[in-house]
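See structure below.
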Amino acid sequence: MTVAIEMGQTTAGAAAAMDLEELLATRLLVQGNSGSGKSHLLRRLLEQSAPWVQQAIIDPEGDFVTLAERFGHLVIEAEDHTERGLQVAGERARLHRVSTVLNLEGLDAENQMRRAAAFLGGMFDVDRDHWYPMLVVVDEAQLFAPAVAGEVSDEARKLSLGAMTNLMCRGRKRGLAGIIATQRLAKLAKNVAAEASNFLMGRTFLDIDMARAADLLGMERRQAEAFRDLERGQFMALGPALSRRPLRLNIGPTDTSPRNSTPRLLPLPEATLEDARAVILAAPPPDASRPQRRPAPDLLEQLRAAKAATPEIRPETVEVPVSAEELAERRERVDRTLRAVLAEPDAGFRAIGVLYQEFVVRCRIEGLGSAVPDLNEFRRMLTHARAGLGTDLAEDDAWQDVSLRASILPDDMQGVFMMIARAAKEGWPCPGDAAIARAYGSHSLRRAQRLLGYMEEQGLIVCQLDGGGRRIVTLVELAWATAPGDPNGDDLPAEQVASAASA
Ligand SMILES: Nc1ncnc2c1ncn2[C@@H]1O[C@H](COP(=O)(O)OP(=O)(O)OP(=O)(O)O)[C@@H](O)[C@H]1O
Ligand SMILES: [Mg+2]
């Protein structure tokens, strides 16, 4: 059986495939300057081969943790474990044949090297009975196998270079197929690069890297000049698993995206900050205690549970108010006042300014004169209330994540996003256009549709229609999806109405 991994298309338009069995018997080196598309290429390769073969990814930037959601990789936060713990984890991952992402984000160079070495060592040293084939991907390989000594200790460098040399030179017999990517070939230890027999060469600017690439590929240096003209996502392929002659190809799209994607341009907030100087330059709050570290969980347990692994959410620091009771009581009265304002017929369609004035008056009547939320706070509360959200959600970790995502949208869209998010979280039917328009303070159904389109463009949601023309909205990254809902249905699903009423 041969398994062909589709990497993309040749510049002539033919499918460009990689022979997985051949790859497992050899090794692959990917090089290209920053932004040439190496990590994208690795992701494509990992996604396409995930159903066929076990994988381990040494991930210095935490780029690949998003593979977990779709493909069930176990994410190991290297920060949380000792070297010994990671070595054992490497062994166990092979024993149990679980695909893993070793997230080294946040560690200094010395610790990245030590921990990657420990994990690779564990995989390498496993008993002969467990030498099943697997792909071992190392992104930014020059960090782990540097050509020259850097500022890290000699010991760390020796450990890491040793592990990388083992992977690339002696790994094959043990079933480990090394796939390494680097920005700068000239910065990668020569003996590690030299073992690769498959190459994907991306855009390269520096002469010294080009010369190294030409030497490795057995090309004339003049020929290697072509690497300068490659576009992002374009690579020159050569090797037994790829092509017998240098072949230019475009890497195809991926299903998942890196967690740290390129920043997008976002509209600036519409409301102007009344006193920018006072807000920005206010005295810093007293040093909040650092978030408590989660205790390191037992790795074997984790490995067993790996298939059910869900994305991790770090605990947030919670500021404890000085007089919690008093605040809670005041908050309750403010909430009650807001509900009263919103209970007015047509409240959903009145301008925020008008609603706010009425709210302020009622607050004064309630004796809340000094504690009236300002307009921005009012906007936020309104957003929540219109989305039918109770305060219980504020405690929910996954929900914090939703609020964070919502914050990239203009204020007045956040409520709609959260209303949909709520439906998706609970698996309720997707709200109809009329309900969406109302939450946006509008009668226009077209506007509701445009709103969804905008959120989709921002990469927050994906909208689909099922066979019956009913709409399903999926929240990107969280992978929560609404049940199918009729876009022309004239009101919120019953569950959401009930929840809004009790909010
Ligand atoms: N084939 C492709 N199709 C579409 N987008 C791509 C493709 N290749 C890369 N990109 C996009 O280009 C940007 C840079 O790609 P990528 O992060 O893979 O570069 P890189 O070579 O890993 O850079 P670095 O060395 O800085 O990590 C990313 O936003 C990525 O999504
Ligand atoms: Mg990269």
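The values are calculated or read from the model by the stated rules, or taken from the named source; none is laboratory data. Keep in mind the model is a prediction, meaning the values are calculated, not measured. Don't worry about glycine lacking a Cβ; one is built from the backbone with ideal geometry, like all the others, and counts go over all protein chains shown. Note: areas computed on protein heavy atoms with side chains; ligands, DNA, RNA excluded. Shrake-Rupley method; radii C 1.70, N 1.55, O 1.52, S 1.80 Å.
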Once the in-chain neighbours fewer than 8 apart are removed, the lysines whose Cα is under 21 Å from K158 read K187, K190
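Please report, ordered by residue number, every helix of the chain (full DSSP H runs) that is 27 Å or longer along its axis going by C-alpha atoms and whose mean Kyte-Doolittle hydropathy reaches -1.0.
Counting only whole DSSP H runs, the qualifying helices are 324-343.
Relative contact order of the chain, please, whole-number percent, based on alpha carbon pairs below 8 angstrom and at least 6 residues apart. Provide the component values of the computation, followed by the final result.
Numbers: 841 pairs, mean separation 71.1, N = 503.
So the answer I get is 14 percent.
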Loop-resident sites, the range 152-259, for GluC sites (Glu not before Pro), counting at most 14 other Cβ within 10 Å (DSSP)
E220, E231
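Could you order K187, K38 by accessible surface area, starting with the largest, using a probe radius of 1.4 Å? All intermediate terms of the calculation are to be shown ahead of the outcome.
Numbers: K187 110, K38 15 Å².
Largest accessible area first, the residues go K187, K38.
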With label points built 7 Å along Cα→Cβ from the Cα atoms of T10 and K173, find their separation and express it in nm.
3.7
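Given axes a ≥ b ≥ c from the Cα gyration tensor, I'd like to know whether the range 1-65 is rounded (a/c under 1.5), prolate (a/b larger than b/c) or oblate.
Numbers: a/c = 1.84, a/b = 1.16, b/c = 1.59.
Oblate.
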On the protein heavy atoms, probe 1.4 angstrom, tell me the percent of accessible surface of the chain carried by carbon and sulfur.
50
Can you pull the accessible area of D127 for me, 1.4 Å probe, Å² to the nearest 10?
100
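Output the relative contact order of the range 1-84, whole-number percent, from Cα pairs under 8 angstrom with separation of 6+ residues. It would help to have the intermediate numbers written out before the result.
Working: 51 pairs, mean separation 17.2, N = 84.
RCO, the range 1-84: 21 percent.
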For the chain, the dipole about the Cα centre with charges only on Cβ (Lys and Arg +1, Asp and Glu -1), to the nearest 20 debye, works out at 1620
Just to verify a number: what accessible area does W131 come out at with the full protein assembly present, 1.4 Å probe, Å² rounded to tens?
50
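For I472, I58, give the ranking by accessible area with the largest first, probe 1.4 Å.
Values: I472 40, I58 0 Å².
Descending accessible area places them as I472, I58.
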On the full set of protein chains, 1.4 Å probe, figure out the accessible area of E83 and give it in Å² to the nearest 10.
60
What ranking of R232, R97, R446, R362 comes out by heavy-atom accessible area, probe 1.4 Å, highest first?
R232, R446, R97, R362
In percent, what relative contact order does the range 4-251 have, based on Cα pairs under 8 Å that are 6 or more apart in sequence?
27
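Mind checking the per residue accessible area of the chain for me, 1.4 Å probe, whole number of Å²?
Values: 25470 Å² over 503 residues.
Here the per-residue accessible area is 51 Å².
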Once Lys and Arg get +1 and Asp and Glu get -1 on their Cβ, which of L242, F71, I180 lies farthest toward the positive end of the dipole of the range 4-251?
L242
